[in-house]
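The values are calculated or read from the model by the stated rules, or taken from the named source; none is laboratory data. The structure presented is a predicted model; accordingly, all values stated were derived computationally and were not measured. We place every Cβ from the backbone using ideal geometry, glycine too, and count neighbours over all the protein chains shown.
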Amino acid sequence: MADPKIEPAKTALVVIDLQRGIVSMPAAPRPAVEVVARAAQLATALRKAGGTIVFLHVTPSSDGKDGLKPITDAAPAGSRVLPPDWADLVPELEVQPTDLVITKRQWGAFYGTELDLQLRRRGVNTIILCGISTSIGVESTARDAFERGYNQIFVEDAMAARDAAEHAHTVATLFPRIGRVRSTEEVLAAIE
C-alpha cells in the first residue's frame, strides 16, 4: 500500500453533504461530528498547500419538481418536508470565499452540476473524498469520478453512513477498486 503522492495544485478535496439536515441524522461507524471535524482539518491543510476545496450539498429546487421519484421498495428520502436550513453547510467547516460550493439535486455530485468543469479548469486530476453518506453520496460521486478518469483518495475516517455495515461494505469492496483508501492522518501527512 503506497503512500498517496499529493500535488496540491492538482488536487481537490471534495466534501459530500456535510450540511445541517444530514449531519443531524444518526451516523456510523462514527458520529457526524467526527466526520465534520476531520473534513475541516483536511480542508484547512489542503487550502493552505494551494489545493482546491469543494463543498457539495444536496437539496431539491424550491418547487421540488426536480426531485427523483422512482418506484422503490424503500420510502424515498425526499418524501418529507425539509426544514429551511436543511442544505446549509455546517459552520464548523469554515467555508472560505475561495472555496467552491456546489448544489446537487441527487446522490452523485457530477451529474447535472458544474463539478467536472470546475475541477478540469483548475487542472485537478486527483480528488480526496469525504463526507456523509459513504454508501450513497460519496459512493455515487466516486463511481462517476472513476468513469471520468480522476485519481481518488478516500478518507475512511472522514466518512460515515446510516449504519456501520453499509460504510464497511463500500470501503472494503468498492473503494479499493477505484482509488486508494487512507486515514485522515495519512492524507494530512501526504499534503504536508
Quiz item: Can you tell me how many residues in segment 152-170 are closer than 23 Å to THR11 by Cβ and more than 16 Å from the chain's Cα centre (by Cα)?
Solution: 0
Exercise. Evaluate segment 138-146: report whether one residue or more is at pLDDT 95 or above and polar (S, T, N, Q).
Key: yes
Self-check item: Unmet criterion (only one of (1) more than 20 Å from SER140 (Cα to Cα); (2) basic (Lys, Arg); (3) without any contact (Cβ under 8 Å) to a residue 40 or more places away in the chain) for LYS69
Solution: (1)
Practice problem: Select from segment 141-191 the residues that are among the acidic types (Asp, Glu) and part of a helix (DSSP H, G or I) and list them in ascending order. | Solution: ASP144, GLU147, GLU166, GLU185, GLU186
Practice problem: Just one of (1) at pLDDT below 95; (2) of a type outside the set (Lys, Arg); (3) in a loop (DSSP other than H, G, I, E, B) trips up GLY78, so point out which. | Solution: (3)
Practice problem: Please determine, by comparing only the residues of segment 54-75 that are among the aliphatic types (A, V, I, L, M) and modelled with pLDDT under 75, which one is farthest from the chain's Cα centre (by Cα). | Solution: ILE71
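Condition check ((1) surrounded by fewer than 22 Cβ atoms within 10 Å (Cβ to Cβ); (2) touching a Gly at 6+ places or on another chain (Cβ under 7 Å)) across all residues:
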site	(1), (2)
ASP3	yes, no
ALA9	yes, yes
LEU18	no, yes
GLY50	yes, no
Quiz item: For segment 86-100, what are the residues that are surrounded by 15 or more Cβ atoms within 10 Å (Cβ to Cβ) and either of a type in the set (Ser, Thr, Tyr) or within 14 Å of ASP17 (Cα to Cα) (or both)?
Solution: TRP86, ALA87, LEU89, VAL90, LEU93, VAL95, LEU100
Practice problem: For THR98, indicate whether it is under 15 Å from THR52 (Cβ atoms), β-branched (Val, Ile, Thr) and modelled with pLDDT of 95 or more. | Solution: yes
Exercise. Out of VAL54, VAL138, report the one residue that is among the aliphatic types (A, V, I, L, M), crowded, with 16+ Cβ neighbours inside 10 Å and touching a Cys at 6+ places or on another chain (Cβ under 9 Å).
Key: VAL138
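Residues checked against (1) within 26 Å of ASP157 (Cβ to Cβ); (2) in a helix (DSSP H, G or I):
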position: ALA37; (1), (2): yes, yes
position: LEU46; (1), (2): yes, yes
position: ILE53; (1), (2): yes, no
position: PRO60; (1), (2): no, no
position: GLY67; (1), (2): no, no
position: ASP73; (1), (2): no, no
position: LEU82; (1), (2): no, no
position: TYR111; (1), (2): no, no
position: LEU117; (1), (2): no, yes
